[in-house]
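Step one of this worksheet: look at the structure below.
Read the figures in this text as sums done on the coordinates, not as results from a lab. In this text the structure is predicted, and so the values were computed from the model without any measurement. Here the Cβ is made from the backbone with ideal geometry for all residues, glycine too, and neighbour counts use every protein chain on show.
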Amino acid sequence: MLYLVRMSKTENSLSPALITKGLKTRFVGQRLIYHPTLTSTMEVARQEAQQQAPEGTVVVADQQTAGRGRLQRAWLSPSGNIALSVILCPSIACLPSLTMLASLAVAHSIEAVTALKPQLKWPNDVLVSGKKVCGILIESNVRADKVDYAIIGIGINVNLRLEDYPEILSTATSLSHELKKEVSRLSLIRHLLVEIERFYLTISAGHSIYEEWRDNLVTLGKKVRVKSGDAVQEGIAESVTTDGSLLLRRPDGTMDKILAGDVTLQD
Ligand code: BTN
């Protein structure tokens, strides 16, 4: 049986004023667009970015009706979860680090708010107890080697009642499910915006976050199946490169560099 400790309405309400009040960032979240219901925060963020929204603009929805994930998949996004997108304007050199930045920022924020110890799964899933608790989607517009904008989309299963979604029960979890009590979305979002900006300033100053990302990847050293497009490969996830690619050791001993895909741990 699942017991949920109720928290006050204010603690779990997501008004822009509550999210931004005294927020300790220079620009991330200082302009925040909130909608109770949206198709996808990625759509609104893209429209905002195309209209020259200031860097750091954040779009938050209480729930999404057409949330989307990587590889053209749908993303479940009912009220109680976190769905947000952040507009950034990184240099082209920083672009590959956005996936590392986002997953590390999520992991740090979850740990700070809940004391759970999240792990990362290549390329950019965040896991708790071996199951997915957060998905990250990065979209960018690059013209003539210049990044017009990049959008980091983050979906976190916060107060998701898993028993209502049996289709994801074997692969996904939520923070409330792990802790047997509700978790403050407000607190998590505020931590997240601070962490995103901190990591973004780090990479923009030319410092690497690659080692911290690599060292937290639960994938490395494991036997994995990688699906990229129609191709499926098996092997040992030996390492990752500084641009975020996976190095897969095939059974015949050769190595493959995989830019994007979906990993299933075999062990
Ligand atoms: C994945 O793991 O497939 C990525 C999921 C990304 C979901 C987030 S929720 C906020 C933003 N809006 C969307 O429609 N998708 C991203």
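Taking a ≥ b ≥ c as the square roots of the eigenvalues of the alpha carbon gyration tensor, region 162-226 is oblate, as a/c is not under 1.5 and a/b does not beat b/c. Remark on the chain: ratio of C-alpha radius of gyration to 2.2 N^0.38 Å is 0.98. Exposure proxy ranking for I236, I136, based on other Cβ atoms within 10 angstrom of each Cβ and starting from the fewest, stands as I236, I136. Taking trypsin sites (Lys or Arg not before Pro) across region 167-256, the ones in a DSSP loop with at most 12 further Cβ atoms lying within 10 angstrom of their Cβ are K180.
Scanning the chain for helices, which whole DSSP H stretches are 15 Å or more long along the axis (Cα) and average -0.5 or more by Kyte-Doolittle?
Membrane-span-like by this criterion, though nothing is claimed about a membrane: 98-114, 185-204.
Within region 206-267, the ratio Rg/Rh, alpha carbon atoms throughout and Rh by Kirkwood, equals 0.98. Under the convention that each Lys and Arg Cβ holds +1 and each Asp and Glu Cβ holds -1, the size of the dipole of the chain around its Cα centre is about 460 debye. Basic side chains Lys and Arg get +1 at the Cβ, acidic Asp and Glu get -1 at the Cβ, and with that the dipole of region 82-230 about its Cα centre reaches some 320 debye. Anisotropy class assigned to region 123-243 is oblate, per the alpha carbon gyration tensor with a/c at or over the 1.5 cut-off and a/b no larger than b/c.
One Cα centroid belongs to region 179-196, the other to region 82-140; the line between them spans 13 Å. List residues of region 44-76, by number, whose backbone nitrogen lies under 19 Å from a label position 7 Å along Cα→C-beta of E167. Once the point is set 7 Å along Cα→Cβ of E167, 63-76 turn out to lie under 19 Å by backbone N, inside region 44-76.
Sorted fewest first by neighbouring Cβ atoms within 10 angstrom, L127, L18 come out as L18, L127. Just name one of T173, V240, H207: the one whose Cα is farthest towards the positive end of the charge dipole of region 112-267 (beta-carbon charges, Lys/Arg +1, Asp/Glu -1). With unit charges placed on the Cβ atoms, the residue in question is T173. Look at the alpha carbon pairs under 8 Å that are at least 6 residues apart: their mean separation over the length of the chain gives a relative contact order of 18 percent. Under the criterion of Cα pairs below 8 Å and six or more residues apart, the relative contact order for region 63-166 equals 31 percent.
For the options N157, N81, N141, a Gaussian network treatment of the chain with springs between C-alpha atoms closer than 10 Å singles out N141 as fluctuating the most.
Is the shape of region 8-91 best called rounded, prolate or oblate, per the rule: a/c under 1.5 gives rounded, else a/b larger than b/c gives prolate, else oblate, with a ≥ b ≥ c the square roots of the Cα gyration tensor eigenvalues? Note, shape of region 8-91 comes out oblate. Residues whose amide H lies under 5 Å from that of T25, counting only those 5 or more places away or on a different chain, are absent; hydrogens are built 1.01 Å from N in the peptide plane. Considering only chymotrypsin sites (Phe, Trp or Tyr not before Pro) in DSSP loops that have at most 16 other Cβ atoms within 10 Å, the longest stretch of the chain without any of them is 28-267.
Put simply, when 87-95, 65-73 are sorted by average Cβ atoms within 10 angstrom per residue, most first, you get 87-95, 65-73.
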